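What follows draws every value from the coordinates through simple rules; no lab data is involved. The structure presented is a predicted model; accordingly, all values stated were derived computationally and were not measured. Cβ: placed from backbone, ideal geometry, glycine included. Neighbour counts: every protein chain shown.
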Amino acid sequence: MKEAVLQALLTSVDQGESVALLTVTEGDGVFAATVGHHAVLWLDVDRAPVGALALPEALSQEIYASARDALHLRQHRHLYYETEQGTLKVFVEVQARPPHLIIVGAGHIAVPLAAIAKINDFEVSVIDDRGQYAHPARFPTADRVIAGPFRAELQKLRGGKAAFDNHTYLVMVTRGHQYDVESLLEVLDDPVAYIGMIGSQRRVRAVFELLEREQGIAPEKFDRVYAPIGIDIGARTPAEIAVCIMAEIINVLRSGPAIPLSRQIREERRARRERAAGEVRE
């Protein structure tokens, strides 16, 4: 492997970037001489790959597109091509950045949650509008601690390297429910893996119904929100609540069988919509 390819791969891994290593593993005909060639590429299509597969440009671009798709899905992939000039196999080895947990609110639950998430190999960001709470000294293991208005900082984070995607997990645990709701409205339409919001069942029901009435938000949009947040393990202390939140996030990440606290509200709301639809048809 050429030094430039190896260095690009190691640097990206060290910096927590998602990167793919492409290797020509088999080839015959005109492709026989390409076996053992490597290239490194990233999701950013404007970022030129490092290295070369020594293939025709059109075929290289097709392979790069398939490799970026594999990188987006975080899945290794074997690519096979059969042409008039010969056959070719390329292995795409994916080194994906860790899942990203964004904790909105830097209070008593956020401190153990950030630590537990880091132990579980998550990238961790913490946001709070109070500088004395959003302070690196309180979150020594977090990757970033941000002090500023919740919605504005979420917008900045979304626009930076930490794009909100299907490997992003958001937890709303601010000091006041109005801030949780404000943050929820900012991220409700983002293609993230998980949105969790703290609150009792009574309060969550009231908030969802209020937002539907006053802001005209489609009721089904709230089906993706895990509120009340967490898995029911009888948690009481901030650390125990952090465990139940992280358990739910891992359950979503791994498609686990655990039943979330939010299931009852979600099922009630779906049943109500079905009844309303039935009444309209009648």
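For H37, the residues 5 or more places off, or on other chains, whose built amide H falls under 5 Å of its own are V24. The modelled label-to-label distance for the pair L185/D14, using points 7 Å beyond Cα in the direction of Cβ, is 4.5 nm.
Restrict the search to the range 133-181; then list the trypsin sites (Lys or Arg not before Pro) that DSSP places in a loop and that have at most 13 other Cβ atoms within 10 Å of their Cβ. Sparse-neighbourhood loop trypsin sites (Lys or Arg not before Pro): K161. Report for the chain the percent antiparallel among DSSP-assigned beta bridges with both residues inside it, nearest 5. Looking only at bridges with both residues in the chain, the antiparallel portion is about 50 percent.
Return the loop-located trypsin sites (Lys or Arg not before Pro) in the range 49-128 (DSSP other than H, G, I, E, B) with at most 14 other Cβ atoms within 10 Å of their own Cβ; answer none if there are none.
Hits after loop and neighbour filter: R74.
With respect to the chain, whose longest principal axis is taken over its alpha-carbon atoms, helix 201-215 is tilted by about 80°. When S66, S12, S255, S200 are sorted by how many other C-beta atoms sit within 10 angstrom of their C-beta, beginning with the fewest, the order is S255, S200, S66, S12. Quarter the surface of the alpha carbon convex hull of the range 66-210 and you get the mean projected area, 11.2 square nanometres. The peptide list 232-238, 91-97, 219-225, put in order of mean Cβ contacts within 10 Å with the highest first, becomes 91-97, 219-225, 232-238. At q = 0.09, 0.13 Å⁻¹, what log₁₀ I(q)/I(0) does the chain have when each alpha carbon counts as one equal point scatterer in the Debye sum? Taking Cα atoms of the chain as identical point scatterers yields -0.55, -0.91. Taking 0.36 nm per residue of separation and subtracting the current Cα-Cα distance, fully stretching the chain between D46 and D28 would add 3.4 nm. Axis of helix 263-281 versus longest Cα principal axis of the chain: the two differ by about 80°, to the nearest ten degrees. Ranked by how many other Cβ atoms sit within 10 Å of their own Cβ, fewest first, the residues Y80, Y226, Y194 fall in the order Y80, Y194, Y226. Stretching E57 away from A147 to a fully extended chain increases their span by 27.7 nm, per 0.36 nm per residue minus the current alpha-carbon distance. Taking θ as phi - 60° and the Karplus parameters 6.51, -1.76 and 1.60, the scalar couplings of the range 246-254 work out to 5, 4, 5, 4, 5, 4, 5, 4, 9 Hz in sequence order, x denoting glycine and proline.
Note the full-extension length gain between K221 and Q85 as 0.36 nm times their separation in residues minus their Cα-Cα distance, in nm to one decimal.
Roughly 43.8 nm would be gained on extension.
Rounded to the nearest 10 degrees, the inclination of helix 150-159 to the longest alpha-carbon principal axis of the chain is 10 degrees.
Remark: the range 47-54, residue by residue, has Karplus-estimated 3J(HN,Hα) of 9, 5, x, 9, x, 7, 8, 6 Hz, where x stands for each Gly or Pro and the curve is 6.51 cos²θ - 1.76 cosθ + 1.60 at θ = phi - 60°. For a paramagnetic label modelled on R270 (point 7 Å from Cα along Cα→Cβ), amide N atoms under 20 Å away belong, within the range 194-211, to 194-197, 201-202, 204-206, 208-209.
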